[in-house]
């Protein structure tokens, strides 16, 4: 189970005021030093109260955790094998109807992906306690050990940039809930240690959606490396899933506090089930609805930008755009006029030629995601040349790069100074990457002491 696991029956039970998740999320990622710990504490307590109403599928005896993880991993592998057999037999994609759908997915899971690993940040302060080593190692791997080409947040940010599909306005507040939880746990992991361990245990299990997402992104021409990287490092035999189990067992008390610890651990585990998950996001996409909503937003900026010589059904383009709620009718008018030819190659449509191509009159008006919405809507049932879904379109390049030289100031920095730069708000920066490299090197050499 992960924060974006494929089931959503509990997602509507989170008692959060509108905007509360987005507000805390943005403050913790932009100005964490200005957020009072009591604010973070109250937020986590509210989420944990909601989580306790849910049902956990954890084994009763935690000694069974390794077998439970192995069983889950095997079950996912079997379901993925069945998926691949279906694809080989000619079945279509299960997740993404078109490329715009996939870009929509990337947009809407971005809030949690852009704070990947944040719940483990507080563990970096405990280098002298062997019980934290697996957790620290997991956090460092989320940060790519300071290598830009392996830092998970940078990988996802670059993916959004490559396809020009980063969200440019706040999304549904529920989409920020998981990211806010991760940031909050990272901030108060000492006070919420059992909950953080439980959350980590749930998040690091390999989910089926990760495998299917990677397969279908590759098929649609979107580099799946961010997702395939998680498939490899979250494995149950030696990866993050195993380290998560080991951490739970390392901290499990053997006295009268054990029952309370387990109760808190289960609540933390169930935090993964709050908010919107991958299936919620995937199912919420409807191509024409998204296209019309996008055009409605654009109309406010374009209603005075067109000349009056072109008329559709007796109205100028400016007049069409000046009246809210007319975008769907405008599309129909463009289709009736022959400017849009549905279910054909979009290049055959005059309107698409105004949007994309050499000398396009509306060059720059739409970002990559917005153009893909229009392109896929025009194409409709027209598929073009069918792509082989099993062809690897993105062979991996050597991810090693020559990092910038480490500054003398950072090389002599204290562990506290390094940790400050490794926070979720700063680790993807050049300074944060350098600090992560130094911290990781010192840890492996046994010369890192707090």
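Here is how the numbers come out for the structure above:
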{"item": "Residue check, residue 109 touching a helix residue (DSSP H, G or I) at 6+ places or on another chain (Cβ under 9 Å), buried (at least 19 other Cβ atoms within 10 Å of the Cβ) and not in a helix (DSSP H, G or I)", "result": "no"}
{"item": "From the options 410, 433, residue that is farther than 17 Å from residue 138 by Cα and either outside any loop (DSSP other than H, G, I, E, B) or modelled with pLDDT of 95 or more (or both)", "result": "410"}
{"item": "Residue check, residue 450 in a loop (DSSP other than H, G, I, E, B), within 27 Å of residue 184 (Cα to Cα) and modelled with pLDDT under 95", "result": "yes"}
{"item": "Subset of the stretch 328-359 (residues that are farther than 16 Å from residue 379 by Cβ and not in a helix (DSSP H, G or I))", "result": "338, 358, 359"}
{"item": "Residues located in the stretch 42-62, provided they are more than 24 Å from the chain's Cα centre (by Cα), assigned to a helix (DSSP H, G or I) and touching a residue at least 60 places away in the same chain (Cβ under 8 Å)", "result": "62"}
{"item": "Counted residues, the stretch 132-159 - those being part of a helix (DSSP H, G or I) and at negative phi", "result": "19"}
{"item": "Residue 200 crowded, with 20+ Cβ neighbours inside 10 Å and assigned to a helix (DSSP H, G or I)", "result": "yes"}
{"item": "Matching residues in the stretch 363-379 - criterion: being more than 25 Å from the chain's Cα centre (by Cα), in a loop (DSSP other than H, G, I, E, B) and surrounded by 15 or more Cβ atoms within 10 Å (Cβ to Cβ)", "result": "365"}
{"item": "Checking residue 38 against (1) modelled with pLDDT of 95 or more; (2) surrounded by 15 or more Cβ atoms within 10 Å (Cβ to Cβ); (3) within 21 Å of residue 199 (Cβ to Cβ), the condition it does not meet", "result": "(2)"}
{"item": "Hits in the stretch 160-181 (condition: crowded, with 18+ Cβ neighbours inside 10 Å, over 11 Å from the mean Cα position of the chain (by Cα) and not in a loop (DSSP other than H, G, I, E, B))", "result": "173, 174, 177, 180, 181"}
{"item": "Single condition residue 81 does not satisfy, out of (1) without any contact (Cβ under 8 Å) to a residue 12 or more places away in the chain; (2) out of contact with any helix residue (DSSP H, G or I) (no Cβ under 6 Å at 6 or more places or on another chain); (3) over 30 Å from residue 388 (Cα atoms)", "result": "(3)"}
{"item": "Residues satisfying the stated conditions in the stretch 80-105, i.e. surrounded by 12 or more Cβ atoms within 10 Å (Cβ to Cβ) and in a helix (DSSP H, G or I)", "result": "80, 83, 84, 86, 87, 99, 100, 101, 102, 103, 104, 105"}
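The values are calculated or read from the model by the stated rules, or taken from the named source; none is laboratory data. Bear in mind that the values here come from a model prediction, so they are computed numbers and not experimental data. All Cβ positions, even for glycine, are placed from backbone atoms using ideal geometry, and neighbour counts span all protein chains on display.
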